[in-house]
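Please read the structure below before turning to the comments.
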Amino acid sequence: MAEDRKTVIITGASRGIGHTTARLFLDRGWQIITCSRDDTPEECKRDPNWTCHFPTDLGDADSLAQFIETANEELADAPLHALVNNAGMSPKTPYKERLGCLNGDLEAWRDVFELNLFAPLKLSRGFASALHRGEGAIVNVTSIAGHLIHPFAGSAYSISKTALSGLTREMANEFASLNVRVNAVAPGEIETEMVESEYEVLIPRIPLNRMGTPEDVARTIYYLCSEDAGYVTGSELWVTGGQHLF
């Protein structure tokens, strides 16, 4: 690891918000360590600044533990300056319904919470020492659905993001003793491959009258990891174009 460059770990980095965030940190001179279920996209394998990528299933305890061990070995005694807990899931039932309170296998609920809530906690614990060395920052990616009833987000997903918001607050308090800041970003309707045409009907509810872009979220994440946010902890920043106001 180059000692003169900052290092960030980003989960769920093979596509969408995670991939855009990784590219932004790269463009701004950071070393990045990433993981996702998928391998690194081909165009990124040609980038010599992409430090390392580990295919990982963060919903599987053994795979997650292996990632923490391997990434810490890669860091050695070097500091870690940021951890971005971006990976998440919002599955549907076999009938293409979102997992609600009246439907869906409870084991599927547990899978959602394992990835959306417990993985960020386990990762934050696993990299706490490295983050302490770097006096770093943790950013959890929550959701507008964790605060408001959303027409297309199922209960399992929404409640897991509500819990992640609470976890962010508690972590901010506890990690402060390590000189590590903990914040969250709560995206609204963001144009990624996960968004379907049904989301178009939500645009009139957005004061800025457009869906957000992955870049909108990535820039907010970067701010929270930067020195510009050096006195910001325990905050959750809305990236919704104003949708959360209603």
Scanning for something at pLDDT 95 or above and surrounded by 24 or more Cβ atoms within 10 Å (Cβ to Cβ), does region 88-101 turn up at least one residue? no
Among the numbered conditions (1) within 18 Å of the chain's Cα centre (by Cα); (2) among the acidic types (Asp, Glu); (3) farther than 24 Å from ARG110 by Cβ, tell me where GLU227 comes up short. (1)
Determine the pairs where a residue that is under 15 Å from PRO79 (Cα atoms), located within region 107-135, has a partner that is of a type in the set (Lys, Arg) and surrounded by 19 or more Cβ atoms within 10 Å (Cβ to Cβ) with Cβ atoms under 9 Å apart, the partner being 6 or more residues away or on another chain. GLY134/LYS6; GLU135/ARG181
Output the number of residues of region 229-246 satisfying the condition of being in contact (Cβ under 8 Å) with a residue 40 or more places away in the chain and either among the β-branched types (Val, Ile, Thr) or part of a loop (DSSP other than H, G, I, E, B) (or both). 9
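Let's see how each residue does on (1) closer than 23 Å to ALA87 by Cβ; (2) touching a helix residue (DSSP H, G or I) at 6+ places or on another chain (Cβ under 6 Å); (3) charged (D, E, K, R):
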site: ALA145; (1), (2), (3): yes, yes, no
site: ILE149; (1), (2), (3): no, no, no
site: GLY166; (1), (2), (3): yes, no, no
site: ALA218; (1), (2), (3): yes, yes, no
site: LEU224; (1), (2), (3): yes, no, no
site: TRP238; (1), (2), (3): yes, yes, no
Flagged in region 184-211 as at pLDDT below 95, not polar (S, T, N, Q) and not in a loop (DSSP other than H, G, I, E, B), in numbering order, are ILE190, GLU198, TYR199, GLU200, VAL201, LEU202, ILE203, PRO204, ARG205
Could you tell me which of the residues LEU121, LEU115, LEU106 is under 26 Å from GLU189 (Cα atoms) and surrounded by fewer than 18 Cβ atoms within 10 Å (Cβ to Cβ)? LEU121
Listed by first then second residue, the pairs whose first member lies in region 45-69 and is within 15 Å of ILE9 (Cα to Cα), whose partner is modelled with pLDDT under 90 and crowded, with 17+ Cβ neighbours inside 10 Å, with beta carbons under 6 Å and at least 6 positions apart or on separate chains, are TRP50/CYS44; HIS53/THR40
So, first residue assigned to a loop (DSSP other than H, G, I, E, B) in region 213-228, second residue surrounded by fewer than 22 Cβ atoms within 10 Å (Cβ to Cβ), Cβ within less than 6 Å, six or more apart or across chains; the pairs are THR213/GLU191
Condition first: more than 24 Å from GLY212 (Cα to Cα) and either buried (at least 20 other Cβ atoms within 10 Å of the Cβ) or in contact with a Phe, Trp or Tyr (Cβ under 8 Å, 6 or more places away or on another chain) (or both). Now tell me which residues in region 1-30 satisfy that. ARG5, LYS6, THR7, TRP30
Residue that is farthest from ARG98 (Cα to Cα) [pool: residues in region 133-156 that are crowded, with 24+ Cβ neighbours inside 10 Å and hydroxyl-bearing (Ser, Thr, Tyr)]: THR142
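The values are calculated or read from the model by the stated rules, or taken from the named source; none is laboratory data. Quantities reported herein were computed from a predicted structural model and do not represent experimental measurements. For neighbour counting, all protein chains shown are included, and Cβ atoms are generated from backbone atoms with ideal geometry for every residue, glycine included.
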